[in-house]
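Bear in mind that the values in this text are calculations on the coordinates, not laboratory data. Worth saying up front: this structure is predicted, and the values here are computed from it rather than measured. Heads up, the Cβs are rebuilt from the backbone with ideal geometry, glycines too, and the neighbour counts pull from every protein chain shown.
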Amino acid sequence: MKKNILVGVSGGIACFKAAALVSKLVQEGYSVRVIMTEGAQKFVTPLTFQALSKEAVMTSVFEEMYPNEISHIDWGKWANLFVIVPATASIIGKCANGIADDVLSTLFLASHAPVWFCPAMNRKMFMHPMVQTNMKKLEQLGYRFLNGQPGRQACGDIGSGRMMEPKQILAQIHDFFVKDKPFLGKKILITAGPTVERIDPVRYITNDSSGKMGYGIAQLAVKQGAEVTLISGPTNCEIPEGVIFQRVESAEQMFQAVQAVYASMDAVIKVAAVSDYRPAKQLPEKHKKGNKHWSLELERNPDILSWLGAHKKHQILVGFAAETQNAIHYGRKKLQEKNLDLIVVNDVSKPNVGFHYDTNEVVLLFKDGTEEALPLQSKQAVAEKILFHVRKLLEV
Ligand code: PMT
């Protein structure tokens, strides 16, 4: 997934290294936008950064570049990472004290992204207790400092305060996006929620699935770097940010949606509670009350997961099993019959387990015959454990 990097340039002789960093970032496929303080513009022109980033450079809070946005707010939302390079004593001091009197210190306060500082200043300034105090204050608030190796400075002094080299900063940025993003480059299909099988225009067969379990897994998988396609029956869950979402209603619709994307997936997690049966005939008009009894003929829906198992190539397949008796026995049977790598069994007859709750208690059954029981815990925590095993199965 393409990442957005905001580069904030403050005024120091190391500005030319910021230009080198922007050039490398763009070559590596990052989207880069640059903001410059007045001081920075004394060393390098905005045109340099515009040419390197292929984007307009922000130099003032008051000169809006695009009439349809408030740039200093919108750019703060756009960024996945904000790197201040070089970071002078002045900009560090302003940020540490919440002073927003220029474009860069204002963006610092408006940024939603993690902010990193790459200090660059004379060794005496760097070691000054005020600067050290400001840096500590920012570090304690969770901001990160990338310091260069001590050595010869532009002024001729030798000591700390030199800026980290652009290629090392680039390596840190790569690490940042790969670390905690083990699924980067992987495509995961998740199905969630119930299916709805229409009887007539106002009646249907469905079940109690709320979607919480599946949406929880989808949200976490996105956070861990996966490209997630979420195919969902009707639920009230909020659609997790960043997923490719498709709403379906019936098992047949879910089947078609799943078939259309299966070939390109690395893993499939089938959390959806798919109705095994549907009315053999869907009535075009509302069924009128008449005889004492009304028999409804049902026919089998396609078993989506069995189809996936039968057409499996490279994909890792994870199923769920909602059982009310002999849960492990039936779970193992489904694992084998549907050709799965892992099945997550929940005994939904237990309190606070399965449908609708915020919690779940499951047993993970693996293809190699091993199993792992997870005690009752939040569905987010269960999602965490399931994705841990999907990572292992995908060897990422
Ligand atoms: O949505 P929540 O309220 O958070 O509840 C979570 C849950 C209880 C729905 C979830 O934990 C769960 O157990 N999901 C699977 C429910 C289910 O349909 O189980 P099953 O044993 O009937 O099906 C076994 C597997 O085959 C499932 O992965 C199911 O998606 C799949 N299946 C079933 C029937 C069918 N026609 N096609 C399928 O693909």
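Placing pseudo-labels 7 Å out from each Cα toward the beta carbon at residue 27 and residue 132 gives an inter-label distance of 3.8 nm. Positive end of the dipole of the stretch 272-396, charges at C-beta (+1 Lys, Arg; -1 Asp, Glu), about the Cα centre: which of 375, 355, 390 has its Cα farthest in that direction? Looking along the dipole axis, the top candidate is 355.
By other beta-carbon atoms within 10 Å, ranking 47, 387, 220 with the fewest at the front produces 47, 220, 387.
Placing unit charges on the Cβ atoms only, positive for Lys and Arg and negative for Asp and Glu, gives the stretch 214-297 a dipole magnitude near 580 debye about its Cα centre.
Only the Cβ atoms of Lys and Arg (+1) and of Asp and Glu (-1) were treated as charged; on that basis the dipole of the chain about its Cα centre amounts to roughly 460 debye.
Computed from the C-alpha gyration tensor, the three semi-axes of the ellipsoid equivalent to the stretch 25-114 are 19, 16, 14 Å, from longest to shortest.
Solvent-free Debye calculation, one equal scatterer per alpha-carbon of the stretch 201-312: log10 I(q)/I(0) at 0.15 Å⁻¹ equals -0.74. Straight Cα distances below 23 angstrom link residue 137 to the lysines 94, 124, with same-chain residues fewer than 8 positions distant left out.
Working note: Karplus 6.51/-1.76/1.60 with θ = phi - 60° gives the stretch 159-164 the couplings x, 7, x, 6, 6, 4 Hz, where Gly and Pro are set to x. Using Cα centres only, tell me the gap between the stretch 326-359 and the stretch 28-42 in whole Å. What the calculation gives is 52 Å, centre to centre. Protection proxy ranking for 149-161, 108-120, 320-332, using the average of other Cβ atoms within 10 Å per residue and placing the highest first: 108-120, 320-332, 149-161. Taking other residues whose beta carbon is less than 11 angstrom from the beta carbon of residue 395, and scoring Lys, Arg as +1 and Asp, Glu as -1, yields +2. Taking Lys and Arg as +1 and Asp and Glu as -1, the other residues whose beta-carbon sits under 15 Å from that of residue 298 total -2. Taking a straight line from the alpha carbon of residue 338, these aspartates and glutamates sit under 14 Å away, with near neighbours fewer than eight places off in the same chain left out: 303. Taking the Cβ of residue 115 as the centre, find all other residues whose Cβ is under 12 Å away and add up their charges (Lys, Arg: +1; Asp, Glu: -1). It works out to a net charge of 0.
Remark: relative contact order (the chain) = 11 percent; criterion is Cα-Cα distance under 8 angstrom and separation of 6 or more residues. A protection proxy built from the mean count of other Cβ atoms within 10 Å ranks the segments 236-244, 12-20, most packed first, as 12-20, 236-244. Two-decimal Rg/Rh of the stretch 51-194 from alpha-carbon positions, Kirkwood Rh? That ratio is 1.05, to two decimals. Restricting the GluC sites (Glu not before Pro) of the stretch 274-321 to loop positions (DSSP other than H, G, I, E, B) with no more than 12 neighbouring Cβ atoms within 10 Å leaves 285, 297. Potential lengthening of the chain between residue 171 and residue 263 amounts to 29.8 nm, from the contour at 0.36 nm per residue minus the alpha-carbon distance.
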